[in-house]
1. How many residues are open to solvent by less than 80 Å² (accessible area, probe 1.4 Å) and either of a type in the set (S, T, N, Q) or within 33 Å of the chain's Cα centre (by Cα) (or both) when one looks only at region 8-28?
2. Kindly check whether there is at least one residue in region 93-100 that is open to solvent by less than 70 Å² (accessible area, probe 1.4 Å), part of a helix (DSSP H, G or I) and either touching a residue at least 12 places away in the same chain (Cβ under 8 Å) or not polar (S, T, N, Q) (or both).
3. Is it the case that some residue within region 45-68 is open to solvent by 50 Å² or more (accessible area, probe 1.4 Å), more than 22 Å from ASP125 (Cβ to Cβ) and touching a Leu at 6+ places or on another chain (Cβ under 9 Å)?
4. Can you tell me which residues in region 70-84 are open to solvent by less than 70 Å² (accessible area, probe 1.4 Å) and closer than 16 Å to LEU148 by Cα?
5. Within region 78-89, can one find any residue that is among the aliphatic types (A, V, I, L, M) and assigned to a loop (DSSP other than H, G, I, E, B)?
6. Taking only region 85-102 into account, find how many residues are under 19 Å from LEU115 (Cβ atoms) and β-branched (Val, Ile, Thr).
7. Determine if region 105-113 includes at least one residue that is out of contact with any Lys or Arg (no Cβ under 6 Å at 6 or more places or on another chain) and part of a loop (DSSP other than H, G, I, E, B).
Amino acid sequence: MIDDEGNQVGVTNTNQAIDMAASKKLDLVKVAPNAKPPVCRIMDYGKYRYDMEKKEKEARKKQKTINVKELRFTPNIEDHDLQTKANKAIDFLKNGDRIKVSVRFRGREMGHTDLGKEVLDKFVDLVSEYGVVDKKPKMEGRNLVMFLSEKKDKDKEDN
């Protein structure tokens, strides 16, 4: 058993430990119930739970959520349209978002999936300064899908 100041009391009777906790108006909490003998501690359990919730809330505040933005193309997209979508993708990458780039094939276009790969290659060249390919292009049904994420600079990692 451990008392409220953190000192080890030693092995004590359960009733005696409960009486000690009650005399100090605190709670008797099993810290390690699976140990032989179980380890108990005298503490204010309400305050302990409050502190733990506060730490968890602080940890959630610091964690960054990653959004996945999607851009859709067709295999016969014009260069200017591709450049416009690339500029939008660069904005997303600067914000730290991941990008799902998909080329949708309709009808007879399914016979020319190589055109879709060319479009994705051009797109990767346009955004290569800001992003890297996470997942290589892969066919999912009628769509050719690829994922991009923010490029990690070595200068940022060194500092």
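1. Filtering region 8-28 down to residues open to solvent by less than 80 Å² (accessible area, probe 1.4 Å) leaves 9-10, 12, 17, 20-22, 26-28.
In the following step, the residues that additionally are either of a type in the set (S, T, N, Q) or within 33 Å of the chain's Cα centre (by Cα) (or both) were identified as 12.
Going through region 8-28 one residue at a time, the tally reaches 1.
2. Of all residues in region 93-100, those open to solvent by less than 70 Å² (accessible area, probe 1.4 Å) come to 93, 96-100.
This time we only want the ones that are part of a helix (DSSP H, G or I), so: 93.
Still in the running and either touching a residue at least 12 places away in the same chain (Cβ under 8 Å) or not polar (S, T, N, Q) (or both): 93.
Yes, the conditions are met somewhere in region 93-100.
3. Taking every residue of region 45-68 in turn, at least one turns out to be open to solvent by 50 Å² or more (accessible area, probe 1.4 Å), more than 22 Å from ASP125 (Cβ to Cβ) and touching a Leu at 6+ places or on another chain (Cβ under 9 Å).
4. LEU71, PHE73, LEU82
5. No; the residues of region 78-89 include none that is among the aliphatic types (A, V, I, L, M) and assigned to a loop (DSSP other than H, G, I, E, B).
6. 1
7. Yes, region 105-113 has at least one match.
Here's the yes/no breakdown for (1) in contact with a Gly (Cβ under 9 Å, 6 or more places away or on another chain); (2) farther than 14 Å from MET146 by Cα; (3) of a type in the set (Phe, Trp, Tyr):
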| site | (1), (2), (3) |
| --- | --- |
| ALA59 | no, yes, no |
| ILE90 | yes, yes, no |
| GLY96 | no, yes, no |
| ILE99 | yes, no, no |
| PHE105 | yes, yes, yes |
| VAL119 | no, no, no |
| VAL124 | yes, no, no |
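The values are calculated or read from the model by the stated rules, or taken from the named source; none is laboratory data. What you see is a predicted model; the values in this text were computed from it and never measured. No Cβ is skipped: glycine too gets one built from the backbone with ideal geometry, and neighbour counts run over all protein chains shown. To get the accessible areas, we keep the full protein, side chains included, count just its heavy atoms, and leave off ligands, DNA and RNA. Shrake-Rupley method; radii C 1.70, N 1.55, O 1.52, S 1.80 Å.
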